[in-house]
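The block underneath contains the structure these notes are about, expressed in structure tokens.
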Amino acid sequence: QVQLVESGGGLVQAGDSLRLSCAASARTFSSYTMGWFRQAPGKEREFVAAISWSGGTTSYADSVKGRFTISRDNAKNTVYLQMNSLKPEDTAVYYCAAKDRSSMGYTRSYQYWGQGTQVTVSS
């Protein structure tokens, strides 16, 4: 069982930056692929970014590529999402997710989810 707790959300203006953090309770954090997803009001949850267990491979949605960076610190059981050049369309609840590293792919089949943190970008 893995518990995930996100933090770092808030209200910012377009063009600003935010860094989200997700702390995991897993004893073997490096056993998990980690991902970030988001859900805007009235829309389905969508994939944002993911990182392999070692940090050596990352994957991004086209909409955030070049602006967002995912990273992890296995010694701290934490995954980060650095968000730069934020746009109003980035407004959403952002969720951290984890899945066993043996599971193929980065955009689906996550087993564990956090409660989410709100990011609001004003124009």
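The values are calculated or read from the model by the stated rules, or taken from the named source; none is laboratory data. On a predicted model such as this, the values are computed, not experimentally measured, just so you know. Because the Cβ atoms are built from the backbone with ideal geometry, glycine has one as well, and the counts that use them run over all protein chains shown. With ligands, DNA and RNA removed, areas are computed over all heavy atoms of the protein, side chains included. Shrake-Rupley method; radii C 1.70, N 1.55, O 1.52, S 1.80 Å.
How big is region 1-65 by Rg and Dmax over its Cα atoms, in Å?
Over region 1-65's Cα set, Rg and Dmax evaluate to 13.5, 38 Å.
Rolling a 1.4 Å sphere over the protein heavy atoms, what is the accessible area per residue of the chain, to the nearest Å²?
Value for the chain: 52 Å² per residue.
Could you tell me how far the Cα centroid of region 82-123 sits from the Cα centroid of region 41-63, in Å?
6
State to the nearest 20 debye the size of the charge dipole of the chain about its Cα centre, where the only charges are +1 on K and R beta carbons and -1 on D and E beta carbons.
Result for the chain is approximately 240 debye, rounded to the nearest 20.
Where Rh is the Kirkwood radius over the Cα pairs of region 10-123, the temperature 4 °C and the viscosity 1.567 mPa s, what D in µm²/s does Stokes-Einstein return?
So the translational diffusion coefficient is about 92 µm²/s.
Projected onto the charge dipole of the chain (+1 at Lys/Arg Cβ, -1 at Asp/Glu Cβ, origin at the Cα centre), which of Asn77, Val12, Ser123 gives the Cα projection farthest towards the positive end?
Asn77
Which longest uninterrupted range of the chain lacks any trypsin sites (Lys or Arg not before Pro) assigned by DSSP to a loop state (not H, G, I, E or B) and surrounded by at most 13 other Cβ atoms within 10 Å?
77-107
How about Lys43: which lysines have a C-alpha closer than 28 Å to its C-alpha, ignoring those fewer than 8 places off in the same chain?
Lys65, Lys87, Lys99
Using a 1.4 Å probe, how large is the accessible area of Phe47, given in Å² and rounded to the nearest 10?
For Phe47, solvent-accessible area is about 30 Å².
Mind giving me the nanometre distance, one decimal, between the label points for Thr120 and Ser103, set 7 Å out from Cα along Cα→Cβ?
Taking the two extended label points, one gets 3.1 nm.
Give me the number: length gained by fully extending Ser85 to Ser25, i.e. 0.36 nm times residue separation minus the C-alpha to C-alpha distance, one decimal in nm.
Full-extension gain reported as 18.5 nm.
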